[in-house]
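Asks: The structure follows.
The values are calculated or read from the model by the stated rules, or taken from the named source; none is laboratory data. These numbers come from a predicted model, not from an experiment. All Cβ positions, glycine included, derive from the backbone under ideal geometry; neighbour counts span all protein chains shown. Areas reflect the complete protein model, heavy atoms only, side chains present, ligands, DNA and RNA absent. Shrake-Rupley method; radii C 1.70, N 1.55, O 1.52, S 1.80 Å.
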Amino acid sequence: MTGATSGVEKTIWDRLFTVLVAAIYIFLMFPIVLVVLLSFNSGEFLAFPLEGFSLRWFEALFSNKRFLDATLYSIQIAATSTIVNAVIGTLAAIYVARHATVARDYIRLIMTAPLLVPEILTAIALLFYFYEIRIGTDYSIGIQIGHIVVTFPYVFLNVSSALFNFDRSQEEAARSLGAGGWMTFRRVTLPAIKPGIITGCLFAFVISFDIFNISLLLKSLGSNTLPLELFDYLRFNFDPTAAAIASLSIFMTFAAILIIDRTVGLRSLRF
Amino acid sequence: MTALTIDRINKRYGNLHILKDISIPIGQGEFVSLLGPSGCGKTTTLRCIAGFERPDTGRILFGERDVTRALPEQRDIGMVFQSYALFPHMTVAENLSFGLEVRKVAPADRQRRIADVLAMVRLEGYDKRYPRELSGGQQQRVALARALVIEPSVLLLDEPLANLDATLRDEMRFFIRDLQQRVGITSIYVTHDQAEAMVMSDKIVVMNAGTISQFGSPREIYERPASQSVAGFIGRSNTISGKIAEALGQDGYKVETPCGSIGATGPAGLSKGAEVKIMIRPENISTRSQAASGHQQGAGAEEAGSGENVLAGSVVNSVYQGSANQLAVKLGSGDRVIVDVNGRNPLEVGEQVALRFAARDTWLLAS
């Protein structure tokens, strides 16, 4: 008997495959683990060997006003992007799923374009546009719009898939029971697509929190998002404060995934 | 009194003429089935009644009230969907409560009505369950309860049994019919299953290609089908071609066929010489082995004056079906006839048989 032809029992190929998958995971996770380890290192430099356990770099981080401001600014931008996209992303998904007829596929393509076009191109295009309409980079509105545009597809796609999997006869059932259009939406459609909205919003938040290119080109004077602040910092310093920031970001992402899993379940993540 | 009147409605999608001048009067408390193959327009008709589709022309009246332009939520209907369409994020009680809340029924009243209707569909104690925790048949009964709890003037059912397995489907037929009769609610039932329509309905509307082929009681439709397509769609049937030779009274005819002259029943007013098909249901034909009957091969079909017809043929196929044997018999004319015979008394393939059937058990169809 050769290869993986036997039914239940594990062959050498099955074992090799398991080892390969494990190796890929280790390769992917290793840098993350490393960064977290380094953030708790008591040494002066962002380097090995580890010298001892310490929270001093987190302390340094939280006592650094620039980092705190940048964190708050990033949260503010990400939160605004999330809220705006929760509304327009959902509305757009409903329009495309329900009302667009002939041009449906083209509209869908345009809606997801920010995912397909390289972020830096979107940033340059928006930069030109903002100068053209005399907003420039004097205000936060520019960077905010940039973040909304880039994170829009995440809400749009998640809500679209939720709508696609939704049995519309539920809406008809509600209508037959006497509910009007708004009540039907509020009590039947919205609860059904809520997992899609929540998932899309969490994606939008995490992505917005992490965006670099858009922020670099569109940021207004005197305000930095966290990734930009981190970039500036690493140009002149090489201490583990950077690792502490990275750990914080990783923690936030894990928190988001945990929230998705606890509220709507990771299985609802479909594109 | 007519509870519901469908008055010459037409519906087109682009070039497709889905409904062609459909008119159906439905009496108070009647159970009417719309029966036909898929694409015949039965579902579109139901959706026009519900208000999910709007007919291009024609009117729909609930009693005296013209609802043609009314929205679904203004019509006072209860509807049961093929997919049940229960609200998955609500418990059984919340599903039932939805329609009552919309109607602003007081909470205490709501609870009483929900309890009543749950008892009616035999689901007491299930009020806290979610739809996903119920079996298909239970979900079906919740859907029925949800439609009935608002006490609508019309109950619409869109192939509600299509997703159930065969045993449960049989059970639910009688359950729904019984419930409908106890509540006394006017009901319209869409199905492609003729057996379902037969056992449940007061009236059946047989539809085909956007038109009504026949509207009548199950008995009328089975015994007196209006056309060959209706006869073919409802149950099994045999047809023998012939020409009217003579009219005998109101609905009796003598028909000249290649197998000889056959006495038959048909609609009044068929003229002499008209081309017809004689329809005979397999269960209405009795057989006897030719040897036993003593009849001569190819003997004259009708036994004078008795109203009994006798045809000779040979068995070409025999299929055991448990309760009966289904025989295929080839007549002298070359026509094949399907006959049900008692399973315990099988006839062999190749055996000569005499087929016997009464003129009153036949029906003439225009060909």
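Asks: In the range B:30-67, what count of residues is obtained for those that are of a type in the set (Ser, Thr, Tyr) and either buried (at least 22 other Cβ atoms within 10 Å of the Cβ) or not assigned by the TED database to the domain that holds B:ILE221 (or both)?
Replies: From the range B:30-67, those of a type in the set (Ser, Thr, Tyr) are B:33, B:38, B:43-45, B:57; that's our starting set.
Now restrict to residues that are either buried (at least 22 other Cβ atoms within 10 Å of the Cβ) or not assigned by the TED database to the domain that holds B:ILE221 (or both): B:33, B:44-45.
The number of residues fulfilling the criteria is 3.
Asks: So A:VAL102 fits all but one of (1) open to solvent by 30 Å² or more (accessible area, probe 1.4 Å); (2) part of a helix (DSSP H, G or I); what number is the exception?
Replies: Condition (2) is where A:VAL102 drops out.
Asks: Check every one of the helices (runs of 4 or more DSSP H) wholly within the range A:182-252 and list those with 3 or more residues that are open to solvent by less than 40 Å² (accessible area, probe 1.4 Å) and within 14 Å of chain B (Cβ to nearest Cβ).
Replies: Numbers: elements: A:190-210, A:213-218, A:226-236.
Correct list: A:190-210.
Asks: Being touching a Gly at 6+ places or on another chain (Cβ under 7 Å), of a type in the set (A, V, I, L, M, F, W, C) and assigned by TED's automatic domain parsing to the domain that holds A:THR225, is that true of even one residue in the range A:165-179?
Replies: Taking the range A:165-179 first, the residues touching a Gly at 6+ places or on another chain (Cβ under 7 Å) are A:176-178.
Pick out the ones that are also of a type in the set (A, V, I, L, M, F, W, C) and you get A:177.
Narrowing the set further to residues that are assigned by TED's automatic domain parsing to the domain that holds A:THR225 leaves A:177.
The answer is yes, given that some residue of the range A:165-179 is touching a Gly at 6+ places or on another chain (Cβ under 7 Å), of a type in the set (A, V, I, L, M, F, W, C) and assigned by TED's automatic domain parsing to the domain that holds A:THR225.
Asks: Could you tell me which of the residues B:ALA226, B:ALA209, B:ALA231 is open to solvent by 50 Å² or more (accessible area, probe 1.4 Å), within 15 Å of the chain's Cα centre (by Cα) and more than 17 Å from B:THR191 (Cβ to Cβ)? Spell out the reasoning first.
Replies: On the way: B:ALA209 fails: within 15 Å of the chain's Cα centre (by Cα); B:ALA231 fails: open to solvent by 50 Å² or more (accessible area, probe 1.4 Å).
After applying the criteria, what remains is B:ALA226.
Asks: So, one more: Just to be sure before I move on: is A:THR90 closer than 18 Å to A:PHE164 by Cα, modelled with pLDDT under 90 and of a type outside the set (D, E, K, R) in the structure I sent?
Replies: Judged against the criteria, A:THR90 is not a match.
Listed here are the residues, each with its yes/no results for (1) under 27 Å from the mean Cα position of the chain (by Cα); (2) buried (at least 16 other Cβ atoms within 10 Å of the Cβ).
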| residue | (1), (2) |
| --- | --- |
| B:ASP76 | yes, yes |
| B:ALA85 | yes, yes |
| B:VAL92 | no, yes |
| B:GLU101 | no, yes |
| B:ALA108 | no, no |
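Asks: Do any residues in the range A:58-74 that are in the same structural domain as A:PRO240 (by TED's automatic domain parsing) and of a type in the set (Val, Ile, Thr) have Cβ atoms under 9 Å from those of residues that are in a helix (DSSP H, G or I) and surrounded by 14 or more Cβ atoms within 10 Å (Cβ to Cβ), where the two are at least six apart or on different chains, and which pairs are they?
Replies: A:THR71/A:LEU61; A:THR71/A:LEU226; A:THR71/A:GLU229; A:THR71/A:ILE245; A:THR71/A:LEU248
Asks: Yes or no: the range A:29-47 includes at least one residue that is touching a strand residue (DSSP E or B) at 6+ places or on another chain (Cβ under 8 Å), outside the structural domain of A:GLY200 (by TED's automatic domain parsing) and open to solvent by 50 Å² or more (accessible area, probe 1.4 Å).
Replies: Yes - at least one qualifying residue is present in the range A:29-47.
Asks: Continuing with this model, one more query. Of the residues B:ARG65, B:ARG8, only one is farther than 16 Å from B:PRO152 by Cα and of a type outside the set (Ser, Thr, Tyr); which? Walk me through how you get there before you give the answer.
Replies: Values: B:ARG65 fails: farther than 16 Å from B:PRO152 by Cα.
None of the others qualify; the one that does is B:ARG8.
Asks: How many residues are at the interface with another protein chain (Cβ under 9 Å from one of its Cβ atoms) and either surrounded by fewer than 23 Cβ atoms within 10 Å (Cβ to Cβ) or part of a helix (DSSP H, G or I) (or both) if we restrict to the range A:151-177? Can you show your working first?
Replies: Pass one, the range A:151-177, residues at the interface with another protein chain (Cβ under 9 Å from one of its Cβ atoms): A:167-177.
Applying the additional criterion that residues be either surrounded by fewer than 23 Cβ atoms within 10 Å (Cβ to Cβ) or part of a helix (DSSP H, G or I) (or both) yields A:167-176.
The qualifying residues number 10.
Asks: Within the range B:207-289, considering only strands (runs of 3 or more DSSP E) that don't extend past its boundaries, which have at least 3 residues that are of a type in the set (Phe, Trp, Tyr), in the same structural domain as B:ALA197 (by the TED database) and touching a Ser or Thr at 6+ places or on another chain (Cβ under 6 Å)?
Replies: Details: elements: B:211-216, B:238-248, B:252-257, B:260-265, B:275-280, B:286-289.
Of the strands (runs of 3 or more DSSP E) lying wholly inside the range B:207-289, none has at least 3 residues that are of a type in the set (Phe, Trp, Tyr), in the same structural domain as B:ALA197 (by the TED database) and touching a Ser or Thr at 6+ places or on another chain (Cβ under 6 Å).
Asks: Might you let me know whether the range A:40-56 holds any residue that is under 23 Å from the mean Cα position of the chain (by Cα) and hydroxyl-bearing (Ser, Thr, Tyr)?
Replies: So in the range A:40-56, the residues under 23 Å from the mean Cα position of the chain (by Cα) come out as none.
Scanning the range A:40-56 turns up no residue that is under 23 Å from the mean Cα position of the chain (by Cα) and hydroxyl-bearing (Ser, Thr, Tyr).
Asks: Being outside any helix (DSSP H, G or I), open to solvent by less than 30 Å² (accessible area, probe 1.4 Å) and either modelled with pLDDT under 90 or farther than 25 Å from B:ALA85 by Cα (or both) narrows it down to one of A:THR137, A:THR122, so name that one. It would help to see each step written out before you state the result.
Replies: Numbers: A:THR122 fails: outside any helix (DSSP H, G or I).
Only one candidate passes the filter, namely A:THR137.
Asks: Continuing with this model, one more query. So how many residues does the range B:12-68 have that are among the basic types (Lys, Arg), within 14 Å of another protein chain (Cβ to nearest Cβ) and farther than 20 Å from A:SER176 by Cα? Break it down stepwise before answering.
Replies: Start the filter on the range B:12-68 by keeping residues that are among the basic types (Lys, Arg), which leaves B:12, B:20, B:42, B:47, B:54, B:59, B:65.
When the remaining residues are screened for being within 14 Å of another protein chain (Cβ to nearest Cβ), the result is B:47, B:54.
So of that shortlist, the ones also farther than 20 Å from A:SER176 by Cα come out as none.
Total satisfying the criteria: 0.
Asks: List, please: which pairs have Cβ atoms under 6 Å, are six or more places apart or on different chains, and start with a residue in the range A:136-159 that is more than 19 Å from A:LEU202 (Cβ to Cβ) and end with one that is surrounded by fewer than 23 Cβ atoms within 10 Å (Cβ to Cβ) and of a type in the set (A, V, I, L, M, F, W, C)?
Replies: A:GLY136/A:PHE130; A:GLY142/A:PHE130; A:GLY142/A:ILE135; A:GLY146/A:LEU126
Asks: Considering only residues that are assigned to a helix (DSSP H, G or I) and under 12 Å from the mean Cα position of the chain (by Cα), which ones fall in the range B:172-206?
Replies: We begin by selecting, within the range B:172-206, every residue assigned to a helix (DSSP H, G or I); these are B:172-183, B:194-200.
Once the filter is applied, which keeps residues that are assigned to a helix (DSSP H, G or I) and under 12 Å from the mean Cα position of the chain (by Cα), the range B:172-206 yields B:GLN194, B:ALA195, B:GLU196, B:ALA197, B:MET198, B:VAL199, B:MET200.
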